[in-house]
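For reference, the structure is listed below as structure tokens.
The values are calculated or read from the model by the stated rules, or taken from the named source; none is laboratory data. Just so you know, these numbers come straight off a predicted model, no measurement behind them. Side chains are part of the model used for accessible areas, which takes the heavy atoms of the whole protein and leaves out ligands, DNA and RNA. Shrake-Rupley method; radii C 1.70, N 1.55, O 1.52, S 1.80 Å.
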Amino acid sequence: MALLSKKDRGLILDPLADNNPITIQVLGICSALAITAQLKASIVMGISVMFVLGVGNVVISLMRNIIPSKIRIIVQLVVVAALVIIVDQVLKAFAYELSKTLSVFVGLIITNCIIMGRFEAFALGNGPWRSFLDGIGNAAGYALILVIVGFFRELLGSGTLLGFKVLGDPIAKTGLYAIGYENNGFMLLSPMALIVVGIIIWVQRSRNKALIEEN
Amino acid sequence: MEHVELFFKSIFIDNMVFATFLGMCSYLAVSKKVSTAVGLGAAVIFVLAVTVPMNWLLDQYVLRPGALTWLGAEYADYDLSFLSFILFIATIATMVQLVEIVVEKFAPALYTSLGIFLPLIAVNCAILGGSLFMQSRDIATLGLAFNYGLASGIGWFLAILAIAAIREKIRYSNVPAPLRGLGITFIITGLMAIGFMSFGGMLTGGEEKTEKTDEAAQIETITQDKDAEEPLAEVSQELNNK
């Protein structure tokens, strides 16, 4: 990491923990919850957001002095929408099944508040290189939560990880299933995503008391 | 009937917040007080009811494969559906801007209550989500599209109203310190979503009719039994009285 100064490293590493976009900044919740029933979908979503946010932050940062502030939201939306169309077309071409699973949520990256939030808060006031780092860092923080939630939901819900039967075969009764373990199908339903994220927030805030809110 | 079914389905079963998690960001950020929640909810209903039919027209006459046939037979092969994201979001952003201007001009009172929320709405995923679901679920007519937008908005409104009311009361409870604020809101929303799942059986169509008649028959037999018992009870009461 000799390339990066200490400040730049902070841009990438802070969003992974103490300034996480989902658990602290409360940005980008919608897609985080809806698509995390499988680990694979979570990873793909994380990578897509990383691409859109990294490139988008650079583009907005390059244009920041020529965008009139009154119409900046529309300009930002157009930039994001163009990037998301690229992601959507790539997914449709190379991972069609997955793009079916993600359904409208790829399109909803456009209105993912994490993107608009970082554009507004960072890219409009900083240079392209630092904006790029900020975009990658925040998207990584977002992807981290997605992967954690996806990991637990897929493991407890269907007993698999990335499609591999890590806990044994539920029908042939091997592995854990041999001693009477059952999958908790409830984990696959969407409300459990909220509760898993709630528990992540709980764990994070009990480890770092400074993050606790007033009420 | 189709309209009524879609209406209730969009409000309860496919509730924007609890079933698809759309608009969660503003749902979490603006739900600290009931009065602001009502303002934002009303604005969402309004914008959804306007933009979903607009985008339905766009989808029908510009975007879907073969939609451009009205321009002439040579356009019949065009498929512009890859442009739907950018056109939908442009429509939404301009509609929001337009609505803001119109409301400011003709209903200043409404503007003061909704005004600050309108720009927020352009980036609320519930709005774009409404249009994208409208597209992916193949809503058939303009009337149904309007119905869908309106009902989804009402569902979102109910959800934010409920969580705001709960959050106003929860400050009197002793929540574990690390869960305060965001954490407990997530868990409450999760529990509410589980509650809303029970609406899932509300509209299952014709299959349930047979079950219902069975139930009705059972109820009838039970009441008959009761009728049969009643004379006995009367007799025993008379005996007691004597």
Can you give the direction-averaged projected area of the convex hull of the alpha-carbon atoms in segment B:1-139, in nm²?
9.9 nm²
For chains B and A, what's the summed buried accessible area, probe 1.4 Å, to the nearest 100 square angstrom?
3600 Å²
Descending accessible area (1.4 Å probe), largest on the left, turns B:Glu168, B:Glu104 into B:Glu104, B:Glu168
Looking at chain A, do any whole DSSP H helices span at least 27 angstrom along their long axis by alpha carbon and average 0.5 or above on Kyte-Doolittle, and which?
A:39-63, A:72-94, A:128-158
Who wins for biggest fluctuation among A:Ile201, A:Ile29, A:Ile110 in a Gaussian network model of chain A, springs between alpha carbons below 10 Å?
A:Ile201
Pull up all non-local amide H partners of A:Leu161: gap of 5 or more, or a different chain, and H-to-H distance under 5 Å with H placed in the peptide plane.
A:Val166
Which shape class, rounded, prolate or oblate, goes with the protein assembly as shown when its Cα gyration tensor gives a ≥ b ≥ c as root eigenvalues, a/c under 1.5 marks rounded, and past that a/b bigger than b/c marks prolate?
prolate
Along each of the three principal axes of the Cα atoms of segment B:61-200, give the extent in whole Å, ordering the values from largest to smallest.
69, 41, 27
Rounded, prolate or oblate (a/c below 1.5 giving rounded, otherwise prolate when a/b exceeds b/c) for chain A by Cα gyration tensor:
prolate
A correct Karplus calculation of ³J(HN,Hα) over segment A:23-37, with 6.51 cos²θ - 1.76 cosθ + 1.60, θ = phi - 60°, whole Hz and x for Gly and Pro, returns 7, 10, 7, 6, 10, x, 6, 3, 5, 4, 8, 6, 10, 8, 5
Per its Cα gyration tensor (rounded if a/c is under 1.5, else prolate when a/b beats b/c, else oblate), segment A:141-215 is best filed as prolate
